[in-house]
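The values are calculated or read from the model by the stated rules, or taken from the named source; none is laboratory data. These figures come from a predicted structure and were not determined experimentally. FYI the Cβ positions are ideal-geometry reconstructions off the backbone, even for glycines, and counts take in every protein chain you see. Heads up: the accessible areas ignore ligands, DNA and RNA and are worked out on the full protein's heavy atoms, side chains in. Shrake-Rupley method; radii C 1.70, N 1.55, O 1.52, S 1.80 Å.
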Amino acid sequence: MRTRSSKKNSINVVTLGCSKNIYDSEVLMGQLKANGKEVTHEAPEEEEGNIVVINTCGFIDNAKQESIDTILHYADKKQRGEVDQVYVTGCLSERYKPDLESEIPDVDAYFGTRDMPLLLKTLGADYKHELVGERMTTTPKHFAYLKIAEGCDRPCSFCAIPLMRGGHRSTPIEDLVTEAQKLAAKGVKELILIAQDLTYYGLDLYKERRLGALLKALVKVEGIEWIRLHYLFPSGFPQDVLDIIREEPKVCNYIDIPLQHIADPVLKSMRRGTTKAKTDALLAMMREKVPGITIRTTLIAGYPGETEEDHQVVLDWVREQRFDRLGVFAYSHEENTHAFNLEDDVPAEVKQQRVDEIMAIQMDISRELNEQKVGKEYRVLIDRKEGAHFVGRTEFDSPDVDNEVLVPAEDIYLKIGDFCTVKVVEAHDYDLIAEVL
Ligand code: SF4
């Protein structure tokens, strides 16, 4: 007979995966708190409660493995009587519920990505609709994610996200403005707009693209100083957004646009709805309309059928485009995606070699671009103190994924969450060293 844990009666939420999962965990915790529940986020072992909710990721192999390992970790703890209840939600659970139920039966219950009311009920709480925009943020107080839509209607062949998150659903502008006002009232200065595809915003609700209109509403929110755009899509790109980025000082000169590939045969097979020529024209227009814009992109290496020639096209293009920020994933063969019908014919070691080749080029570009910043002044938002440095970001850097500015901490004191103006004195592959002016 399993013994009850000696832990206090509280719920510990553990989040895996992307910023959208972080957002969902924050909403869940906000609901639990409003129901009078004691709730923590990834509490240290000794402070962990007796109930655990794991918000999983089911995107690609590595992420799935991390989620399974986390579930097994807490299932073992339950076996040992160290926790009493374990619940699993999020993308992996949405995608593989029947398998998980049979393979890891120690979990009390599995929930899908749209089952929050049911999960809350199971935890003895009621879903409170009046809490729109209320959540327990887990990010440092001065920045927060704002999820403007959920799901995706795009047909990208390699992507399992629509299987886990459903079709595109935009959140009404007025609800997002209310949420931004509440966040600003709590001290948030930087809003990071997220969705699966920001450019699709409004097409369902307003029958037209309304990302521009949303930005115009959000820049009016007092206290918000930076608005950052993540996850834009290349085809059907709302050009008015570029004018707003140029004209509105609060909207960062920063765009995250995962392009995934550039060789036409691969773009076609990926069902990306664009071509190399169109993509290059879009990038050129971005740089022309918004001088000095920072462009972040993400690529996939080793997609089925990708030839050495296709890969060379990518390498030449990365050298030519000189992206400010770039990440690469090795292709992951995901069940029930369109690409799963293709042969996963690029060997794992070749996938990795191609990832490394792209990142080697990017590291040189990143260093060269950083060297051009030496001697220049930038406004920096201080995120934390780490060892002998205060660590912050310019408007050209998003938390956790981009470059950082390190300010030696001896003889100065900077307040976390404050802006300051710095002068860059040293450049590294990714980070910058600067002194406060
Ligand atoms: S835009 Fe494509 S890659 Fe992005 S979530 Fe949608 S289907 Fe997936």
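Listed highest first by mean packing, meaning other Cβ atoms within 10 Å per residue, what order do 273-284, 203-214 come in?
Values: 273-284: 15.7, 203-214: 17.2.
Listed from highest to lowest mean packing, they are 203-214, 273-284.
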| task | Could you work out how far apart the two model spin labels at Glu247 and Asn9 are, taking each label as a point 7 Å from the Cα in the direction of the beta carbon, and quote it in nm? | result | 5.7 nm
| query | Which of these, Asn21, Asn55, Asn341, has the largest mean-square fluctuation under a Gaussian network model of the chain (Cα springs below 10 Å)? | reply | Asn341
| In the chain, what % of DSSP beta bridges are antiparallel (nearest 5)? | 35 percent
| said: Quick check for me: using +1 on Lys/Arg Cβ and -1 on Asp/Glu Cβ, what's the dipole size of the chain about its Cα centre, in debye to the nearest 20? | reply: 1520 debye
| task | Starting from the Cα of Leu131, step 7 Å along the direction of its Cβ; do the same at Gln65; then give the gap between the two resulting points in nm. | result | 3.6 nm
| Can you list the lysines whose alpha carbon is less than 23 Å from that of Lys268, not counting same-chain residues fewer than 8 positions off? | Lys276, Lys278, Lys351
| task | If a cysteine in the chain has no other Cys Cβ under 4.7 Å from its own Cβ, put it on the list, ordered by number. | result | Cys18, Cys57, Cys91, Cys152, Cys252, Cys420
| If the cut-off is 27 Å between C-alpha atoms, which lysines fall inside it for Lys220, apart from same-chain ones fewer than 8 positions away? | Lys20, Lys141, Lys147, Lys182, Lys186, Lys189, Lys207, Lys250, Lys289, Lys415
| Looking at region 243-345, which GluC sites (Glu not before Pro) are DSSP coil and have at most 14 other C-beta atoms within 10 Å of their C-beta? | Glu335, Glu343
| note | Per its Cα gyration tensor (rounded if a/c is under 1.5, else prolate when a/b beats b/c, else oblate), region 7-95 is best filed as oblate
| said: I'd like the accessible area for Phe237, computed on protein heavy atoms only with a 1.4 Å probe and all protein chains in place. Round to 10 Å², please. | reply: 20 Å²
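Taking square-rooted eigenvalues a ≥ b ≥ c of the alpha carbon gyration tensor, is region 218-278 rounded, prolate or oblate, where a/c under 1.5 means rounded and, failing that, a/b exceeding b/c means prolate? Walk me through the numbers before you get to the answer.
Details: a/c = 3.68, a/b = 2.86, b/c = 1.29.
Prolate.
Normalized C-alpha radius of gyration of region 249-384, against 2.2 N^0.38 Å?
Here the answer is 1.17, to two decimals.
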| task | Please identify every one of the GluC sites (Glu not before Pro) in region 12-60 that sits in a loop by DSSP and has no more than 14 other beta carbons within 10 Å of its own beta carbon. | result | Glu38, Glu42
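Can you pull the percent of the chain's accessible area that's carbon plus sulfur, 1.4 Å probe, other chains left in place? Don't skip to the end; give the middle numbers.
Details: 9480 of 18650 Å².
Ligands and nucleic acids excluded, carbon and sulfur reach 51 percent.
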| field | Overall Cα dimensions of region 43-127 - principal axes, largest extent first, Å | value | 32, 30, 24
| message | Rolling a 1.4 angstrom probe over the protein chains, ignoring ligands and nucleic acids, what is the accessible area of His333 in square angstrom, nearest 10? | response | 50 Å²
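Among 418-430, 84-96, how do they line up from the highest to the lowest mean number of other beta-carbon atoms within 10 Å?
On the way: 418-430: 15.8, 84-96: 23.5.
Result, highest mean first: 84-96, 418-430.
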| query | Per residue of the chain, what 222 nm ellipticity follows from adding -39500 (n - 2.57) for every DSSP H run with n ≥ 4, rounded to the nearest 500? | reply | -10500 deg cm²/dmol
| Among Gly375, Gly58, Gly30, which one shows the biggest mean-square fluctuation in a GNM of the chain, springs joining Cα atoms closer than 10 Å? | Gly375
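So, by mean Cβ neighbours within 10 angstrom, what's the order for 156-163, 349-356, 188-195 with the highest one leading? Let's see the in-between values first.
Values: 156-163: 20.1, 349-356: 16.5, 188-195: 24.2.
With the highest mean Cβ count within 10 Å placed first, the list reads 188-195, 156-163, 349-356.
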| note | The Rg/Rh figure for region 1-156, Cα atoms and Kirkwood Rh, to two decimals is 0.95
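Relative to the present Cα-Cα distance, how much length would full extension add between Ala217 and Ala43 at 0.36 nm per residue of separation?
Numbers: separation 174, 0.36 × 174 = 62.64 nm, distance 3.62 nm.
Taking Ala217 through Ala43 to full extension adds about 59.0 nm, to one decimal.
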| said: Projecting each Cα onto the charge dipole of the chain (Lys/Arg +1, Asp/Glu -1 at the beta carbon, about the Cα centre), which of Gly167, Trp317, Val346 comes out farthest on the positive side? | reply: Gly167
| query | Under a point-charge model restricted to the Cβ atoms of Lys and Arg (+1) and Asp and Glu (-1), what is the dipole moment magnitude of region 296-376 relative to its Cα centre, in debye to the nearest 20? | reply | 760 debye
| query | In square nanometres, what is one fourth of the surface area of the convex hull spanned by the alpha carbons of the chain? | reply | 21.9 nm²
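Using a 1.4 angstrom probe, figure out how much accessible area the chain has per residue, in square angstrom, rounded to the nearest whole.
On the way: 18650 Å² over 437 residues.
The answer is 43 Å² per residue.
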